[in-house]
Amino acid sequence: MRKNQIVAAVTAITLGAALASSPAAFADEAFRTLDEIKESGTINIGVFSDKSPFGYVDENGDYQGYDVYLAERLGEDLGVDINYVSTEAANRIEYLQTGKVDIILANFTVTEERAEEVDFALPYMNVALGVVSPEDAVIESLDDIGEDDQVIVISGTTAETYLVKNNPEIKLQKYDAYAEAKTAFENGNGVAWANDNTEVIAFSIENEGYVVGIPSLGSADTIAPAVTKGNETLLNWINDEIVALGEENFFHADYEATLLDTYGADYEDTLVIEGGVAAGAETEAE
Amino acid sequence: MQSLGIDVLFKGTNFLRLLEGLWVAVRISLISVAISIVLGILVGILMTSRNMAVKAIFRVYLEIVRIMPQMVLLFIVYFGTTRVFGWDLEAETAAIIVFVFWGTAEMGDLVRGALISIPKIQYESAAALGMSRGMAFRYVILPQTIRRLIPLSINLITRMIKTTSLVMMIGIVEVLKVGQQIIEANRKVSPNAAFGVFAVIFLMYFLICWPVSRLAVWLEKKWA
């Protein structure tokens, strides 16, 4: 019995490894070029279907959101129909590497590790960390945090990683879930709450009496469309398109149509990147 | 009292979309279950073989199914086959392949268990009555085996129906995914929608699985 189990395990592992380790095998046909997409008349775009307000499905079954607004325009300017594919955070890279979608527009943060797997086009949105605090004791800089004060974070988020690494002197109060952190913060268990800036901004707008004192902290990351690695014709076309769209302030219009309700007008320039040029591109020396 | 958010289901075509999602889940599981039962019975009979090679092959097969999470199998069949062989399977086809691969192995093992649980004396008595091996199997062994199989296979079938929720990982929008979409699209206007929507999805799964389990009870009585 034991022997059989070992055999089975080895078989399973070998099979899995064989399947997982040969991304180069079909690299030639893994993607469709710009011309092939145009010829087929349909482009496959991977978006989130349950991440409002970036990509979600409305009550009529239509895809909506900041990412989808861009997708619609890309499809229109390419002159093709769009086939939306509902993606999850965990399978976005897989979809591109197998060519099952042509573009991913799913709130995809540009990172070095991901850039080795897929090709990112020019960015269209900023993401950074933000810190929200009660309006009667606003934290406008990390220096405002006293020695005995505690800052609320959610375990496993970039906010936690950043503060542990760069400001180890700050005392953190960690929670596993968003709802717990929110309740703790509302009960005054901490002087501030650090999280993705989109999250804290949305919180301050939905809840009276809170201000985002630090709207942008840490390395400024960006959100960009991604295509299969090596798909240069499509990548170049998207880049040209994003630059061209900048001239008509397309992404500001996109923000106003999709994100304004959640984030308000004050953060439009903090969040939007127009024409692919990240304005506050402070590069972290790390 | 706070609203439970069931009202979001009646916005636009939400309820219809939920039913469409349910149909996707039911379609995938019904096709998979039907194929798995047929193949599972064959595999189960083969599993009782005394041939060491045959036994070893099915043992390895069963262990792979037991070890691999269904999610990994879905990724291997849907994305892996494209990477390695360049096949571009439909997501639903990939899902059915995985569910059949899983269902056949487990069904096979249940059939094997049910077959070997029939006491040897049943075979001997049949032979003593002058039945051929085939007749003994058809009239004596098989009816008893099937009766023993019913409760066991119902567990497997209902589990397969519920596990269809994983297919969202390969882009199939089934009932649970539609539910999440509805909840998220109404996050601001109806923050409690999760309760209502999940309660309705629970009822939907119940309405699918309950008749299956009633059918099993009925069959058990009828064949007793």
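Structural remarks
- The stretch B:1-27, subset closer than 25 Å to B:E106 by Cβ and more than 14 Å from chain A (Cβ to nearest Cβ), residue surrounded by the most Cβ atoms within 10 Å (Cβ to Cβ): B:A25
- So A:T183, is it in a helix (DSSP H, G or I), crowded, with 18+ Cβ neighbours inside 10 Å and among the hydroxyl-bearing types (S, T, Y): no
Per-residue answers, yes or no, for (1) of a type in the set (D, E, K, R); (2) in contact (Cβ under 8 Å) with a residue 60 or more places away in the chain; (3) surrounded by 18 or more Cβ atoms within 10 Å (Cβ to Cβ):
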residue	(1), (2), (3)
B:V111	no, yes, yes
B:I116	no, yes, no
B:G134	no, no, no
B:V173	no, yes, yes
B:I182	no, yes, yes
B:N186	no, yes, yes
B:F206	no, no, no
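- Candidates are the residues of the stretch A:50-97 that are at negative phi and in contact with a Lys or Arg (Cβ under 6 Å, 6 or more places away or on another chain); the one that is nearest to the other protein chains (Cβ to nearest Cβ) is A:E59.
Condition check ((1) within 24 Å of A:D240 (Cβ to Cβ); (2) touching a helix residue (DSSP H, G or I) at 6+ places or on another chain (Cβ under 8 Å); (3) not assigned by TED's automatic domain parsing to the domain that holds A:G190) across all residues:
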{"position": "A:E94", "(1), (2), (3)": "no, yes, yes"}
{"position": "A:T98", "(1), (2), (3)": "no, yes, yes"}
{"position": "A:E112", "(1), (2), (3)": "no, no, yes"}
{"position": "A:V118", "(1), (2), (3)": "yes, yes, yes"}
{"position": "A:D143", "(1), (2), (3)": "no, no, no"}
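- Sole exception among (1) surrounded by 21 or more Cβ atoms within 10 Å (Cβ to Cβ); (2) farther than 26 Å from B:E184 by Cβ for A:V272, by number: (2)
- One residue from B:G86, B:G80 being within 11 Å of chain A (Cβ to nearest Cβ) and in contact with an Asp or Glu (Cβ under 8 Å, 6 or more places away or on another chain): B:G86
- Single residue of the stretch A:29-44 satisfying the filter (within 12 Å of chain B (Cβ to nearest Cβ) and not in a loop (DSSP other than H, G, I, E, B)) that is surrounded by the most Cβ atoms within 10 Å (Cβ to Cβ): A:N44
- Looking across A:Y210, A:Y178, one residue alone is over 24 Å from the mean Cα position of the chain (by Cα) and within 28 Å of A:E268 (Cβ to Cβ). It is A:Y210.
- Sole exception among (1) exposed (fewer than 13 other Cβ atoms within 10 Å of the Cβ); (2) part of a helix (DSSP H, G or I) for A:L163, by number: (1)
- Test for A:G79: is it modelled with pLDDT of 90 or more and surrounded by fewer than 19 Cβ atoms within 10 Å (Cβ to Cβ): yes
- The listed residues are B:L142, B:L166, B:L149, and the only one of them that is assigned to a helix (DSSP H, G or I), out of contact with any Phe, Trp or Tyr (no Cβ under 9 Å at 6 or more places or on another chain) and within 19 Å of B:V65 (Cα to Cα) turns out to be B:L166.
- The residue that is nearest to B:V212 (Cα to Cα), counting only those in the stretch B:28-63 that are facing chain A (nearest Cβ under 10 Å) and in contact (Cβ under 8 Å) with a residue 24 or more places away in the chain, is B:L62.
- Scanning the stretch B:192-224 for residues that are outside any helix (DSSP H, G or I) and in contact with a helix residue (DSSP H, G or I) (Cβ under 9 Å, 6 or more places away or on another chain) turns up B:W223, B:A224.
- Meets criteria (among the small types (G, A, S) and exposed (fewer than 14 other Cβ atoms within 10 Å of the Cβ)) for A:A202: no
- Checked against (1) without any contact (Cβ under 8 Å) to a residue 60 or more places away in the chain; (2) out of contact with any Ser or Thr (no Cβ under 9 Å at 6 or more places or on another chain); (3) not in a helix (DSSP H, G or I), B:L89 passes all but a single condition, namely (2).
- Any chance B:F75 is modelled with pLDDT of 90 or more, out of contact with any helix residue (DSSP H, G or I) (no Cβ under 6 Å at 6 or more places or on another chain), assigned to a helix (DSSP H, G or I) and closer than 25 Å to B:E174 by Cα: yes
The values are calculated or read from the model by the stated rules, or taken from the named source; none is laboratory data. A quick note: this is a predicted structure, and the numbers were derived from the prediction, not measured. Here Cβ is always computed from backbone atoms with ideal geometry, including for glycine, and neighbour counts include all displayed protein chains.
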